[in-house]
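Here the structure comes first, spelled out in structure tokens, and everything after it is commentary.
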Amino acid sequence: MISFNHKHKALSTHRMSRIIEANFAPDEDYVMPDDGGFTRDYVSTAWHIAPGNEMHSVKIKLSGNLADSMREIKWHPTQKIEELPDGDIILTAEIPYLDEAARWVLAGAPKP
């Protein structure tokens, strides 16, 4: 989830599974901007949510469940998948923030 963090005066991202409680200001109505707001500009080329100022070309070899997941879901608008004979895939994409892609890969890594 993306929200405005009043403490830091900036946009902030949150995992839905970690939210315990949400409070809404009853006297403030949210009106969606006609142009789609920050979503188009802020996250249109992000891996998940984090934007960046320059583009990086990534090439990631995926196997097992990560490869299967990548085949089923379009994670990024620039992604391309190359199928390998052993069932693995090579994912290529142009992304603005390398750390977010690294976190995504590490989150899917096998547990020891």
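Values computed for the structure shown
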quantity	calculated
Test: residue in region 22-37 that is at pLDDT below 85 and surrounded by 14 or more Cβ atoms within 10 Å (Cβ to Cβ)	no
Matching residues in region 55-112 - criterion: being over 12 Å from the mean Cα position of the chain (by Cα) and assigned to a helix (DSSP H, G or I)	GLY64, ASN65, LEU66, ALA67, ASP68, SER69, MET70, ARG71, GLU72, LEU106, ALA107
Matching residues in region 62-112 - criterion: being exposed (fewer than 13 other Cβ atoms within 10 Å of the Cβ) and either among the acidic types (Asp, Glu) or touching a Leu at 6+ places or on another chain (Cβ under 9 Å) (or both)	SER69, GLU72, LYS80, GLU82, GLU83, ASP86, ASP99, ALA109
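The values are calculated or read from the model by the stated rules, or taken from the named source; none is laboratory data. These figures come from a predicted structure and were not determined experimentally. Backbone-built Cβ (ideal geometry, glycine too); neighbour counts: all protein chains shown.
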